[in-house]
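Accompanying notes for the structure given below.
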Amino acid sequence: MTAFLKKEWMEWIRSGRLTVLTLVFVLFGIMNPAIAKLTPWLMETLSDSLADTGLVVSEVTVNAMNSWAQFYKNMPMGLLIFILVCGGCFTAEYDRGTLIPVVTKGLSRRKIVGAKAVALFGAWTTLYFLFYGITYGYNAYFWDNSIAEHVFLGAACTWMFGVWVISFFILFSAVAKNSAQVLFGTGSAAVGAYVLGMFPRLASFLPARLMEGMALLQGINEAADYSVSMAAAGVMSIVCLALAVWCFDRRRL
Amino acid sequence: MEMLTLSHVKKSFGEKEVLKDVTFSVPEHTVFGFVGQNGAGKTTTMKMILGLLPCGGGKITVNGSPVCYGNTPTNQYVGYLPDVPEFYSCMTPMEYLRFCGEITGMRAGEIKSRSEELLRLTGLHGEKRRIKGFSRGMKQRLGIAQALFGHPSLLICDEPTSALDPVGRKELLDILESAKEQTTVLFSTHILSDVEKICDEIAFLHEGRIAIRGSLEEVHKRRKASGTELETERGEDAGRLFKAFPFLKRTGRNILLLEDPERLPGILHFIADKNLRILRIERQETTLEDLFMEVVGK
């Protein structure tokens, strides 16, 4: 598996995938505090034109909470870009037939899925915590992170949501014929969880709850409110990966 | 010992029965030509040997072990060159061969020496470009290098020469022929001259069955001669011969074909008696192409 993992690493670097995603996540990480910091200036700039329409802009004060709110707004976009950029991670290999020489050398198919999963989860974790770390650092520099509760736990919940989505992505990649099907399947799983989350009885059992990190920071939700969703996301991710291995063992390359 | 055996192998895709009953075996250290028309099922058969397609019936063994679909432990004995080989385009040939060595669990020193040896053999030594800039012929060369990398007991090549120019084809055939000392080669093709050059044994696949199988000599003996051709100097002499011996086939204005060699003395007497002017009398040897055409019924 190490050999295939090395190949994945080489592909991530040489294809530019890692560079693009790093730039996106760094940019998003900087954008969160930047937008919060620029909000008073923007409001002041716009105050004259807003006054013409009858809106009076009073003095706007921002703190770390505004930056964290931006963080939770940008996170789904970051995850979406991550999935789109990695969309062909499996299917491009099916199309080109590059897995055939590998499999016919006796490398177990499980090791291929395993290496790809490690690469995806590793990249997601690194990029996500880079995104989090940049926001956290700027917030600490400009304001005070202590006004928010459970900052790390809130971030860990959304990270777990990403892991859950990526597990579905791996499952659909093991089954689907092309990247459009993979993206459709992954998107449907995420939207499905979000829609089901609208039912109050189901909400606390679904991973969609993990996206409500801001409520945790604001003290609206307790840390314990997320434990079931966290466990559900963990169990579903393991099931998805087990199914992906089972399906990949049987798929035609 | 048989390196590869296929016993009553069947395969269908939906309603279409591609392989009806394929049975043959490949002895160790032979170059085995697997011949058939396009679409006859050669690639399907090879993919089943590699566990890339499930078997619709029958049994396949490699080195005495049964082949199973999906995770295929028998692939540890096999080197495979696909018809259109594709590799990771971001790698250089040296990096790709190192990757091949690592996935087969070879030691670093062995990987380095084997890579250099094979790159030299395939003419890719010193090639520092990444694979994405390679022509199909260069990919074919790298394909043979990666297929031979782990010292496979069975080398399977799917139409390896079809994309190569005459020089590249000759070089590849030489590599396959020399590989016979260390390995067993199964290669599919429809280029019959390649088969005649290097194969010890051949099998013709037609309509889902093995139509002919045996050593090259055995296959040639099936039809000793396809006939005797007679060419006259004048068209009217050919006409007189054709009138006297209606079993002759007229293949040209002055050319006649005799299929039954036992009737030749009678014809020669007639030629001598009538003093016909003959340009040539030539016995036609059966080529694999004739046999192939006979098998496919054309």
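The values are calculated or read from the model by the stated rules, or taken from the named source; none is laboratory data. Since we're looking at a predicted model, the values are computed, not measured. Neighbour counts are summed over all protein chains in view; Cβ atoms, including those assigned to glycine, are modelled from backbone coordinates with ideal geometry.
Remark: pairs (first residue in segment B:148-165, of a type in the set (Ser, Thr, Tyr); second residue buried (at least 20 other Cβ atoms within 10 Å of the Cβ) and part of a loop (DSSP other than H, G, I, E, B); Cβ separation under 7 Å; 6+ apart in sequence or on different chains) = B:Ser153/B:Thr183.
Looking across A:Phe172, A:Phe205, A:Phe152, one residue alone is surrounded by fewer than 18 Cβ atoms within 10 Å (Cβ to Cβ), part of a helix (DSSP H, G or I) and hydrophobic (A, V, I, L, M, F, W, C). It is A:Phe152.
You will find that of B:Asp83, B:Asp21, the residue that is on the phi < 0 side of the Ramachandran plot, acidic (Asp, Glu), in a loop (DSSP other than H, G, I, E, B) and surrounded by fewer than 19 Cβ atoms within 10 Å (Cβ to Cβ) is B:Asp83 and no other. Counting only helices (runs of 4 or more DSSP H) wholly contained in segment A:1-99, the ones carrying 1 or more residues that are of a type in the set (D, E, K, R) and within 14 Å of another protein chain (Cβ to nearest Cβ) occupy A:2-14, A:17-52, A:91-96.
Answer with yes or no whether A:Leu84 is closer than 19 Å to A:Ile166 by Cβ and at pLDDT 90 or above. Spelling it out, A:Leu84 is indeed closer than 19 Å to A:Ile166 by Cβ and at pLDDT 90 or above. Applying a threshold of 9 Å to beta carbon distances and a minimum spacing of six or more residues, or different chains, the list of pairs starting in segment B:22-37 at a residue that is touching a residue at least 12 places away in the same chain (Cβ under 8 Å) and ending at one that is in a loop (DSSP other than H, G, I, E, B) and among the hydroxyl-bearing types (Ser, Thr, Tyr) reads B:Glu28/B:Ser153; B:Glu28/B:Thr183; B:His29/B:Thr183.
For segment B:264-298, how many residues are in contact with a Leu (Cβ under 9 Å, 6 or more places away or on another chain), at pLDDT 85 or above and not in a strand (DSSP E or B)? Summing the residues that are in contact with a Leu (Cβ under 9 Å, 6 or more places away or on another chain), at pLDDT 85 or above and not in a strand (DSSP E or B) in segment B:264-298 gives 6. Taken as a whole, the structure leaves B:Thr74 outside the set of residues that are under 24 Å from the mean Cα position of the chain (by Cα), within 14 Å of chain A (Cβ to nearest Cβ) and within 30 Å of B:Glu294 (Cβ to Cβ). All of (1) more than 14 Å from chain B (Cβ to nearest Cβ); (2) farther than 26 Å from A:Trp68 by Cα; (3) of a type outside the set (Lys, Arg) hold for A:Val245 with one exception: (1).
Every test in (1) touching an Asp or Glu at 6+ places or on another chain (Cβ under 9 Å); (2) within 18 Å of B:Tyr77 (Cα to Cα); (3) not aliphatic (A, V, I, L, M) is passed by B:Glu102 save one, and that test is (1).
Any residue at all in segment B:65-73 that's more than 23 Å from A:Cys247 (Cβ to Cβ), in the same structural domain as B:Gln146 (by TED's automatic domain parsing) and either at pLDDT 90 or above or not in a strand (DSSP E or B) (or both)? Checking segment B:65-73: at least one residue is more than 23 Å from A:Cys247 (Cβ to Cβ), in the same structural domain as B:Gln146 (by TED's automatic domain parsing) and either at pLDDT 90 or above or not in a strand (DSSP E or B) (or both). Among residues of segment B:24-62 being more than 18 Å from B:Phe187 (Cβ to Cβ) and within 14 Å of chain A (Cβ to nearest Cβ), the one that is surrounded by the most Cβ atoms within 10 Å (Cβ to Cβ) is B:Gly51. When residues in segment A:100-134 are screened for being surrounded by fewer than 22 Cβ atoms within 10 Å (Cβ to Cβ), free of Cβ contacts under 8 Å to residues at least 60 places away in the same chain and within 13 Å of chain B (Cβ to nearest Cβ), 2 of them pass.
So is A:Ser188 part of a helix (DSSP H, G or I) and surrounded by 22 or more Cβ atoms within 10 Å (Cβ to Cβ) or not? In short, no.
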